[in-house]
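> The structure that follows is given in the form of structure tokens.
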Amino acid sequence: MIIAMIFSNGYFFPLMQIALFLFFIFAIWCDYRPLGPGIHASVLRGEQSMTTLENITGLVIAAIVTIINKSVFDDDAAGWQRYSAAFNLIDLVMIIYLCYFSSWVRNNIILKLQQRSRLD
């Protein structure tokens, strides 16, 4: 009974939005925290790396927008339908930042997932 309530659109959708927002804030903090003294370098991504980032970004955006539009905004009882454009825009901006601009996400999540998928 409690599990059904937690996974209902009225509760699960806000929890997922909060989780995405907290991940977004954490990535910003990791990107802009002081690195300390020492040598700092920047990386110019190559063609293959950018293609991988574009594919992952596109898949994440498509999955989140599809899940939100189909499961949440088609459900009138949840009350989120009037805010669909705002939620889609905010999620899109956060995902684009996370996948394209956040070096922490690219190096610690996307690169690790790509390396892991090649090992199996």
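> Six or more apart or on different chains, Cβ under 9 Å: which pairs go from a residue in the range 1-23 that's hydroxyl-bearing (S, T, Y) to one that's open to solvent by less than 40 Å² (accessible area, probe 1.4 Å)? Could you list them?
Between residues of the range 1-23 that are hydroxyl-bearing (S, T, Y) and residues that are open to solvent by less than 40 Å² (accessible area, probe 1.4 Å), the close pairs are S8/A78.
> Now, a different point. Name the single residue that is modelled with the lowest pLDDT among those in the range 34-59 being closer than 27 Å to I18 by Cα and open to solvent by 50 Å² or more (accessible area, probe 1.4 Å).
Here the residue is P34.
> Same structure again: Does L111 qualify as being open to solvent by 50 Å² or more (accessible area, probe 1.4 Å) and at pLDDT 80 or above?
No; evaluated as a whole, the condition is false for this residue.
> Restricting attention to the range 67-102, which residues are of a type outside the set (G, A, S), at pLDDT below 75 and open to solvent by less than 80 Å² (accessible area, probe 1.4 Å)?
I68, N69, V72, F73, D75, W80
> Sort out which residues of the range 2-28 are open to solvent by 40 Å² or more (accessible area, probe 1.4 Å) and either modelled with pLDDT of 85 or more or under 15 Å from the mean Cα position of the chain (by Cα) (or both), and write them in order of number.
L15, M16, I18, A19, F21, L22, F23, I25, F26, I28
> Can you confirm whether D31 is at pLDDT 80 or above and either of a type in the set (D, E, K, R) or surrounded by fewer than 10 Cβ atoms within 10 Å (Cβ to Cβ) (or both)?
On the way: at pLDDT 80 or above: yes; either of a type in the set (D, E, K, R) or surrounded by fewer than 10 Cβ atoms within 10 Å (Cβ to Cβ) (or both): yes.
Criteria met by D31.
The values are calculated or read from the model by the stated rules, or taken from the named source; none is laboratory data. Bear in mind that the values here come from a model prediction, so they are computed numbers and not experimental data. Note that we place each Cβ from the backbone using ideal geometry, even for glycine, and neighbour counts take in every protein chain shown. Ligands, DNA and RNA are excluded from the accessible area calculation, which covers all protein heavy atoms including side chains. Shrake-Rupley method; radii C 1.70, N 1.55, O 1.52, S 1.80 Å.
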